[in-house]
Each structure stands twice: as structure tokens, then as C-alpha cells.
1. What is the number of the single condition among (1) farther than 24 Å from Pro167 by Cα; (2) away from the ligand (no atom under 16 Å from the Cβ); (3) not hydrophobic (A, V, I, L, M, F, W, C) that Thr72 does not meet?
2. Just checking, which of Ala196, Ala171, Ala163 is within 16 Å of the ligand (Cβ to nearest atom) and out of contact with any helix residue (DSSP H, G or I) (no Cβ under 9 Å at 6 or more places or on another chain)?
3. Just checking, does the range 143-153 include any residue being farther than 21 Å from Lys176 by Cα, away from the ligand (no atom under 16 Å from the Cβ), small (Gly, Ala, Ser) and touching a Gly at 6+ places or on another chain (Cβ under 8 Å)?
4. What single numbered condition from (1) among the acidic types (Asp, Glu); (2) without any contact (Cβ under 8 Å) to a residue 40 or more places away in the chain; (3) within 16 Å of the ligand (Cβ to nearest atom) fails to hold for Glu158?
5. Only residues in the range 37-48 that are part of a loop (DSSP other than H, G, I, E, B) and at pLDDT 95 or above count as the first member; pair them with residues that are among the aromatic types (Phe, Trp, Tyr) and within 16 Å of the ligand (Cβ to nearest atom), Cβ under 7 angstrom, at least 6 apart or cross-chain, and list the lot.
6. Give me the residue from the range 76-106 that is of a type in the set (Gly, Ala, Ser) and under 18 Å from Val61 (Cβ atoms) and, out of that set, farthest from the ligand (Cβ to nearest atom).
7. What is the one condition in (1) among the small types (Gly, Ala, Ser); (2) surrounded by 20 or more Cβ atoms within 10 Å (Cβ to Cβ); (3) within 13 Å of the ligand (Cβ to nearest atom); (4) not in a strand (DSSP E or B) that Gly109 does not satisfy?
8. Taking the range 214-223, which residues are within 14 Å of the ligand (Cβ to nearest atom) and either among the small types (Gly, Ala, Ser) or surrounded by fewer than 21 Cβ atoms within 10 Å (Cβ to Cβ) (or both)?
Amino acid sequence: MIDLAGSRHALPYVLNLSMVFTELPLLERPETARAAGFTAVEYWWPFETAVPDAAEADAFVVSVEQAGVAVTGLNFFPGDMAAGDRGLVTWPGREGEFAAGVASAIELGERLGCRRFNALYGNRIGGADPAGQDKLGLENLALASDAAARIDAEIVLEPLSGAEKYPLKTAGDVLKVLDDLGRDNVKLLADLYHLAVNGDDLDTVTTVHTGRIGHVQIADVPGRHQPGTGTLDIEGYLDKLRTAGYRGQVGVEYEPDGPSADSLSWLPFERRRLA
Ligand SMILES: O=C(O)C(=O)CO
């Protein structure tokens with residue numbers, strides 16, 4: 001069990017409902033999160049297709065509104081995650097689906113007041129030229145950046161672990177894309193779990209790159225479970241981020257070891273409110 005009593009960072013936490021409370025149906029999760037004390041939640045793309053039918057989208061919005069939680073983050077449609085897909089940003093031949101997914105996510109975000117969208121970059125595709133994929137990625141990210149700007153939102157780009165064919169493994173990999181793109185509303189999503197598993201230098205990420213971070217997510221290493229189940233100094237890195245000027249949110253995005261409600265015992269009830 002980690003000790004938050006001496007925690008200095010005071011960064012606000014939001015609960016990721018695509019990883020926590022997944023023992024419940026999607027539409028029951030926001031109410032459960034609210035009952036557990038959270039006032040803000042985030043999701044991966046909550047539908048099977050890039051464009052949900054109207055009834056599905058409406059039911060999702062109602063579930064969130066009735067629970068009284070804010071949605072602060074949504075992933076764009078990533079393809080079939082269960083089959084190993086990790087985003088359409090660099091997937092040649094699926095440009096139309098990517099654009100449709102961006103449009104429907106922005107529309108949903110506008111309804112919900114959500115202003116952050118996570119664009120998974122996509123795996124290397126057999127037979128496709130990596131440089132061509134990266135060029136397509138810049139075009140698709142520019143499209144997403146323009147769409148987000150219309151509602152004053154931002155895009156985040158995330159290094160991932162556990163996906164060999166996903167080329168963005170470190171903060172540096174993402175920052176190189178951001179430099180090539182040159183858009184102020186596209187930032188780094190620093191998931192401390194993925195970065196640590198990939199052997200990135202977390203001291204540098206949490207002190208030097210702070211100004212380019214749009215969001216932070218946490219899980220312990222190894223295992224991707226709740227803080228305290230592994231050896232990652234999550235509190236220490238959050239302290240460093242805060243000291244270096246990060247003022248954003250921290251996504252609680254782990255695979256609970258045990259029932260979700262029990263897995264949250266590391267986080268005092270009063271620290272679960274956004275503000
Ligand atoms: O695929 C993952 O592990 C993610 O964190 C997606 O946001």
C-alpha cells in the first residue's frame with residue numbers, strides 16, 4: 001500500500017472507465033465511479049465502430065449526465081483493440097474511417113464538454129513503407145488538430161508498451177512527431193506505466209518535458225495494476241511533474257488486481273474529486 005498522506009503533488013485524479021470498473025456494463029460505470037467519489041472520468045473509444053448509431057451515443061451521454069460526472073478524455077476509434085490494432089492515425093487505406101472517427105468523437109466531446117482526445121498512432125503494417133505511414137500520420141494528426149481546435153480541444157499522442165509493432169515507445173518518439181507536426185494543441189500523453197516498461201528515462205520526462213505534456217496516466221510496474229502492487233515510484237514522479245510545472249490531470253488507468261472498488265483503496269476518498 002502506498003502512502004498518500006505525505007503526498008505533495010495534489011494533482012487531480014480522473015478515473016479511466018475502460019480499465020477500472022470493467023466488471024460492470026459500460027453504462028453503469030459512471031454512476032459507480034461517482035458513488036466511489038470520482039467527479040471526472042475518461043474512456044477509450046466506448047463503441048465498437050468509428051461512428052456509433054445515434055441511440056448508442058445518446059445512451060452513453062445519458063449515462064454520464066445522470067451520474068453527474070465530467071468526461072475529461074476520450075480515445076479516438078482505434079480499430080479492433082482485441083485483435084491487436086492500436087489506432088488508425090498511420091494506417092494506409094483507412095483514412096476515411098479515421099476522419100469519420102475523429103468527427104464522431106469531436107461531436108460526442110462537444111456534447112459532453114470533453115476537451116481532450118487520445119489519438120493512438122497505429123501499428124506498423126506489413127508491406128507498408130514506415131516513412132509513408134509517418135507522413136500519413138502527420139496528415140491525419142493535422143486533420144484531428146483542426147477538428148479539435150474548432151471546439152477548443154487538444155489531442156494527445158501516447159507511447160505504448162506491449163505492442164511490438166507500435167512505433168512510439170518513448171516520450172522522445174512522440175516529441176519527434178510533435179516537432180514535425182508543429183501544432184500547439186497536440187501534446188504528449190505521458191503514461192508512466194508504458195514509459196517505464198519501455199525503459200524510458202522517467203526523471204527526464206517528468207522534469208524536462210513537462211511543458212509538452214497534455215495528460216498523465218498511471219499504473220504500477222510490473223503488472224499494470226493499482227499503485228502499491230509493484231515497484232514504480234508513482235508518487236515520486238507525480239511530485240516531480242508538479243514541481244516542474246505540470247498542472248493537468250492524472251488518469252487512473254490500470255487493470256485492477258482484485259475487484260475494482262477494492263483496488264481504489266490507495267486513493268483517499270477526498271482525493272477523488274476533480275477540484
Ligand atoms: O492500449 C493501451 O494500453 C492504452 O493505454 C490505450 O489508451
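1. Exception for Thr72: condition (2).
2. Numbers: Ala196 fails: out of contact with any helix residue (DSSP H, G or I) (no Cβ under 9 Å at 6 or more places or on another chain); Ala171 fails: out of contact with any helix residue (DSSP H, G or I) (no Cβ under 9 Å at 6 or more places or on another chain).
None of the others qualify; the one that does is Ala163.
3. Checked against the condition, which is being farther than 21 Å from Lys176 by Cα, away from the ligand (no atom under 16 Å from the Cβ), small (Gly, Ala, Ser) and touching a Gly at 6+ places or on another chain (Cβ under 8 Å), the range 143-153 yields at least one hit.
4. (2)
5. As it stands, the answer is Trp45/Phe76; Trp45/Phe77, since those pairs meet every condition given.
6. Looking at the filtered set, the residue picked out is Ala103.
7. The failed condition is (3).
8. Taking the range 214-223 first, the residues within 14 Å of the ligand (Cβ to nearest atom) are 214-219, 221, 223.
Once the filter is applied, which keeps residues that are within 14 Å of the ligand (Cβ to nearest atom) and either among the small types (Gly, Ala, Ser) or surrounded by fewer than 21 Cβ atoms within 10 Å (Cβ to Cβ) (or both), the range 214-223 yields Gly214, Ala219, Val221, Gly223.
The values are calculated or read from the model by the stated rules, or taken from the named source; none is laboratory data. Quick caveat: nothing in here was measured; it's all calculated off a predicted structure. We place every Cβ from the backbone using ideal geometry, glycine too, and count neighbours over all the protein chains shown.
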